[in-house]
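Trainee: Dropping the structure in here first, questions after.
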Amino acid sequence: MSSFLAIISIILFIAQLLVSLLIAIVSLTGYTSYRSRTLLYLSISFFLIALGVSAQSIYAINGSVFLQLLGAVSETAGYLILAISHVYTVRSNIMTSSLALSFALIVFNSSLVYTVVKSISLLLLLYISVETVIFAVQNRSKAALIPSTGFLLLTFSTYTNLFLNTLTFNLVLIEIAKLVGFLILAAPLTIFVLRRGHTES
Amino acid sequence: MTYRTQIMIISDILKAVKEESPQGGARVSSLLRKANIPYNRFTDLTEKMVQNGLIEVIPQERGAIYRLTPKGEEFLESYKKFEEFVRAFGLRL
C-alpha cells in the first residue's frame, strides 16, 4: 500500500512539474517577443515552482531533508516573485488589506524552518489569490476568476501540508488538489491552442 | 492611470490602425487621439514600426495614412493572446 501511494505521489509530482514548466516556457516565449516584465516574472516564478516540485519529488524517493527544504524554499521564492509581479502591475488600492487578511489567516504551528518557509508560501499564495480575485472583480474579468480558483487550491494544499509530513492517503489527496490547482492555472494556455487557426488565417 | 510600457503603446497604435482599416487606413490625428501619445513620441515609434514592417505609410495629398501589414496583424494577434494570458493570472502585460 505504501509503495502504491509512493508511485501515485511521484506521478502527481511529475504532472505538477510538467504543468508548471509549460506555463514557464510559454511565459518565457512571450518575454523574448515582447520584453514584458510581467511575463519575465511569471516565467521565473513557474521555473522556481517547477524546481521546488522536482526537489520535493526526489525527497519523496530518498527522504533527504535538504531536498525537502530546497523544494519548499524554491516554491516559496516562486510565489514571492509572482506576488511581486502583482505588486508591480496590478496592485489594488486595498493591497494592505489583502496582506493583512493573509497574515490574519496564516497559522504558525511550529518553529521548524520547513514549516516557517511553507507558512511564507501560504501567506504569499493567499496574497496572490486575494489580488487575483480583486483584479477579476474590478475588471469584471471572468477569465481571471478561473486561475484564482487554482491559486486557492494551491493555498489549500499548502495549508493542509503544514500538518502532514508522512505519506498517507490524505497527503495523496492533497497532492491531487495541488495538481488540479496547477491544471486550472494552465487553463489560459488554451488561448494559444484554440486560436492557432485564427492567427494563421 | 497605469504606466504604459513602449510595447503597450505600440500595441495601442496597432489596434488603432486596425480599427481604421475599413476606412482604408488611419490618419495621424486619429492615431494620436486613440493611442494617447504626443506627436514626437508618435513619429519615433511609427518610424521604428515601419522599419520593422509592422505598418506601412501611404503618402496622400493631405498628410499620410497608416496601414497594418500582415506582419503587424500577426504581431497584434500574438500580443492579444499574451495579454489575455497574463490577464488570466490577474496581471497586466
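What follows draws every value from the coordinates through simple rules; no lab data is involved. In this text, all values refer to a predicted model and were calculated from it rather than measured experimentally. As a convention, Cβ positions derive from the backbone with ideal geometry for all residues, glycine included, and neighbour counts pool all protein chains shown.
Trainee: Scan chain B for GluC sites (Glu not before Pro) in coil per DSSP, keeping those whose Cβ has at most 13 other Cβ atoms within 10 Å, and list them by number. Don't jump to the answer; show the numbers that get you there.
Mentor: Numbers: sites: B:Glu19, B:Glu20, B:Glu47, B:Glu56, B:Glu61, B:Glu73, B:Glu74, B:Glu77, B:Glu83, B:Glu84; in loops: B:Glu20, B:Glu61.
Counting only loop positions with at most 13 other Cβ atoms within 10 Å, the GluC sites (Glu not before Pro) in chain B are B:Glu61.
Trainee: At a 10 Å Cβ-Cβ cut-off, how would you order B:Asp12, B:Asp44, fewest neighbours first? All intermediate terms of the calculation are to be shown ahead of the outcome.
Mentor: Working: B:Asp12 17, B:Asp44 12.
The fewest-first ordering by Cβ neighbours comes to B:Asp44, B:Asp12.
Trainee: Under a point spin-label approximation (7 Å from Cα along Cα-to-Cβ), what is the A:Arg35-A:Leu183 distance to one decimal in nm?
Mentor: Result: 4.0 nm between the two label points.
Trainee: Please give me the summed charge of the neighbours of A:Leu153: other residues whose Cβ is under 13 Å from its Cβ, Lys and Arg +1, Asp and Glu -1.
Mentor: Computed value for this residue: 0.
Trainee: Quote the FRET efficiency, to the nearest 0.05, computed for A:Val65 versus B:Thr5 with a Förster distance R0 of 51 Å and r equal to the Cβ-Cβ distance.
Mentor: 0.75
Trainee: Within region B:1-71, which trypsin sites (Lys or Arg not before Pro) sit in a loop by DSSP and count at most 10 neighbouring Cβ atoms inside 10 Å?
Mentor: Taking region B:1-71 and a limit of 10 other Cβ atoms within 10 Å, the loop trypsin sites (Lys or Arg not before Pro) found are B:Arg62.
Trainee: Now for a separate question. Using the Cα centre of the protein assembly as shown as the reference point, and only Cβ charges (+1 on K/R, -1 on D/E), how large is the resulting charge dipole? Debye, rounded to the nearest 20.
Mentor: Taking the Cα centre of the protein assembly as shown as origin, the dipole is about 540 debye.
Trainee: Let me confirm the definition first: pairs of Lys residues in the protein assembly as shown, 8 or more apart or on different chains, C-alpha distance under 24 Å. How many are there?
Mentor: 24
Trainee: What distance in nm lies between label points placed 7 Å from Cα along the C-beta direction at A:Arg140 and B:Arg62?
Mentor: Label-label distance for A:Arg140 and B:Arg62, simple model: 3.8 nm.
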